[in-house]
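Peer 1: This is the structure, below, for whatever I ask next.
The values are calculated or read from the model by the stated rules, or taken from the named source; none is laboratory data. These numbers come from a predicted model, not from an experiment. All Cβ positions, glycine included, derive from the backbone under ideal geometry; neighbour counts span all protein chains shown. Heads up: the accessible areas ignore ligands, DNA and RNA and are worked out on the full protein's heavy atoms, side chains in. Shrake-Rupley method; radii C 1.70, N 1.55, O 1.52, S 1.80 Å.
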Amino acid sequence: MKIAITGKGGVGKTTFSSMLSRMFAEDGYRVVAVDADPDANLALALGFPREVYDSIVPISEMKKLVSDRTAASVGSFGKMFKMNPKVDDIPENYCKEYNGVRLLTLGTVDSGGSGCVCPEHVLLKRLCSHLILQNKDVVVMDMEAGIEHLGRGTASGVDAFIVVVEPGERSLQTYRKVKKLGNDIGVKKVFVVGNKIRNKEDEEFIISNLEDGESLGFIYYNQDVINSDRANKSPYDTSEETRGQVKSIQQKLMQLQNL
């Protein structure tokens, strides 16, 4: 299963991504969690120790790797380089593993201009394509609000596109934008997870803004999960109640995918 998770900043998509990754790993699946958000902090949410987190170098910042695979100097905008670099060994060689989850941090590309095609960008796109279209593991991608790392052909291989929302109009506006972007590049299934829910009215507000079958479920506001960040603990290890809510979402997702 290949899952891309997105949403407006601050809605809890990294928390949800980490808990879903841990859950698949506990169920015995081989899991690759991909941090594709420029504000990379998925490692901490997964429970990685600080010393391991501090040692992580995003793929986009591995200058020698980028240069070797694309046959170009890093930052060589406008020059010749390989458009189909070798990437199939990167997950095995550059993932960090903890709690049964292998983490791959992509990083971002400071291109100096929109639409820039540079070696770093090409390598990340190619790597995402490999993870989604050829890799046999469960892949959970923690995305930013857009879908920068997914091209048209890659996105069509995603089994589920999940937008995490809060019970508010601004969050739902992001969901609508993401849904349109997904439809434009061939994403067939867009689902929604409601987070930081306080009551049934919050649930009903979200449901009223969705089409039938788009809701995977709800995660209620939990101060213990909020506090886990301060304690540098994985939210997965913090609340049995929240784990149960995420488990229900996972089970519904797998039923919809006939798994």
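Peer 1: Accessible area, 1.4 Å probe, largest first: how do Phe191, Phe218 sort? If you can, show how the numbers build up before the last one.
Peer 2: Numbers: Phe191 15, Phe218 40 Å².
Most to least solvent-accessible, the answer reads Phe218, Phe191.
Peer 1: Round to the nearest 0.05 the FRET efficiency obtained for Glu211 and Asn84 when R0 = 41 Å and r is the Cβ-Cβ distance.
Peer 2: Details: r = 38 Å, r/R0 = 0.92.
Result of the calculation: an efficiency of 0.60.
Peer 1: Rank Leu44, Leu172 by accessible area, highest first, at a 1.4 Å probe radius? Each step should come with its number before you reach the end.
Peer 2: Values: Leu44 30, Leu172 0 Å².
Largest accessible area first, the list is Leu44, Leu172.
Peer 1: Related question: Please give the Cα centre distance for the stretch 30-49 versus the stretch 141-214, rounded to the nearest Å.
Peer 2: Answer, in whole Å: 20.
Peer 1: Moving on. Among DSSP beta bridges whose residues both lie in the chain, state the antiparallel percentage, nearest 5.
Peer 2: On the way: 3 of 31 bridges.
Around 10 percent of the beta bridges assigned by DSSP in the chain are antiparallel ones.
Peer 1: I've got another one for you. Label-point separation (nm) for Lys189 and Asp137, each offset 7 Å from Cα along Cα-to-Cβ?
Peer 2: Distance between the two pseudo-spin positions: 2.1 nm.
Peer 1: At a Förster radius of 30 Å, what calculated FRET efficiency corresponds to the Cβ-Cβ distance of Arg198 and Lys233, to the nearest 0.05?
Peer 2: 0.80
Peer 1: Another question about this same structure. Would you work out the relative contact order for the chain, in percent, from Cα pairs under 8 angstrom that are 6 or more residues apart?
Peer 2: Relative contact order for the chain comes out at 26 percent.
Peer 1: Let me ask another. Set the bar at 20 Å for Cα to Cα. Now go through Lys63/Lys125; Lys82/Lys125; Lys13/Lys177 and name every pair that lies beyond it.
Peer 2: Details: Lys63/Lys125 16 Å; Lys82/Lys125 13 Å; Lys13/Lys177 16 Å.
Too far apart for the 20 Å limit: no listed pair.
Peer 1: Follow-up. What distance in nm lies between label points placed 7 Å from Cα along the C-beta direction at Gln255 and Ala71?
Peer 2: So the label points at Gln255 and Ala71 sit 5.2 nm apart.
Peer 1: Right, another one. Would you mind computing, in nm to one decimal, how far apart the modelled labels at Glu241 and Ser156 are, each placed 7 Å from Cα along Cα→Cβ?
Peer 2: Once both label points are built, they end up 4.5 nm from each other.
Peer 1: Restricting to DSSP H runs of at least four residues, report the calculated mean residue ellipticity at 222 nm for the chain, -39500 (n - 2.57) per run over all residues, nearest 500 deg cm²/dmol.
Peer 2: Values: 11 runs with 105 residues, N = 259.
It comes out at -11500 deg cm²/dmol, rounded to the nearest 500.
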